[in-house]
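The values are calculated or read from the model by the stated rules, or taken from the named source; none is laboratory data. Given the structure is predicted, the values throughout are model-derived calculations rather than measurements. FYI the Cβ positions are ideal-geometry reconstructions off the backbone, even for glycines, and counts take in every protein chain you see. These area figures cover heavy atoms from the full protein model, side chains too; ligands, DNA and RNA do not enter into them. Shrake-Rupley method; radii C 1.70, N 1.55, O 1.52, S 1.80 Å.
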Amino acid sequence: MKKRVVLFITVCAVGVLMLALWLVMRAPQLPQIVLPTITGQSIDVGSYRGQVVIVNFWATWCAPCRKEIPDLINLSVNYSDDVRVIGINSERVTPEKLGEFIDAFAISYPIVPYIPDLLGAFGEVIGLPTTIIFDRDGREVLRHAGYASTTQLSQWTQCLVANQAVDCQL
């Protein structure tokens, strides 16, 4: 009887491990694309592998988006060796207005202007802000629609920089 119980537990444990491995393997990947920034530079997103990548979809009119910007700036500065933040504007706005907004908020991370075809590259964005975080291996580990607090952004980033995504319960 004990052997059957041990066998059953072993089979269940292997099954859970296989399921976890399958879920990790099918996670969306960081797209291999080049993005134009508002400054005229290009971002080769694929070259960011090995770093944590935070992609934030936002708009100038979005109050929660505005509230997140200082935290995203702090993350990009405080974790500059390990984290890349990319802001993707999700509205049709003139380059002049977008530039004024960037200056007013002192945004130091790269901003990609609105490009309709770009939204599909990162999967569905159902609301603003939407934050998508990729681990160092380029796997999407978090997709958060809505405002992300300072505490949430800090915890997520610290866990991923420490390579502990599983322990963080993202």
| query | For D117 and R66, what does the FRET efficiency come to when R0 = 30 Å and r is the distance between their Cβ atoms, rounded to the nearest 0.05? | reply | 0.70
| message | Please list, ordered by chain and number, the residues whose modelled amide H lies under 5 Å from the amide H of I88; skip anything fewer than 5 residues away on the same chain. | response | N56, F57, W58, V112
| So if R0 is 35 Å, what FRET efficiency would N163 and D44 give, r being the distance between their Cβ atoms, rounded to the nearest 0.05? | 0.90
| said: Amide H of V141 versus every other amide H placed in the peptide plane: which residues, excluding those fewer than 5 positions away on the same chain, fall under 5 Å? | reply: I133, F134, D135
| message | As a test of understanding, state the convex hull volume per residue of the stretch 75-133 from its alpha carbons, in Å³. | response | 95
| query | Assuming R0 = 30 Å, what is the FRET efficiency of V77 and I33, from their Cβ-Cβ distance, to the nearest 0.05? | reply | 0.75
| task | Starting at the first residue of the stretch 151-160, write each ³J(HN,Hα) from the Karplus equation 6.51 cos²θ - 1.76 cosθ + 1.60 with θ = phi - 60°, in whole Hz, x for Gly and Pro. | result | 4, 4, 4, 5, 5, 4, 5, 4, 5, 6
| task | Could you state the accessible area per residue of the stretch 78-130 in Å², with a 1.4 Å probe and every protein chain left in place? | result | 53
| said: Limiting things to C-alpha atoms, what are the Rg and the maximum Cα-Cα separation (Dmax) for the stretch 70-170, in angstroms? | reply: 14.1, 43
| remark: Loop-resident GluC sites (Glu not before Pro) in the stretch 31-98 with no more than 16 other Cβ atoms inside 10 Å, DSSP not H/G/I/E/B, are E91
| task | Quick one: order D103, D135 from most to least accessible surface, probe 1.4 Å. | result | D103, D135
| Relative contact order, percent, of the stretch 43-170 when contacts are C-alpha pairs under 8 Å separated by at least 6 residues? | 33
| In the stretch 89-170, the trypsin sites (Lys or Arg not before Pro) that fall in loop regions by DSSP, at most 10 other Cβ within 10 Å | R92
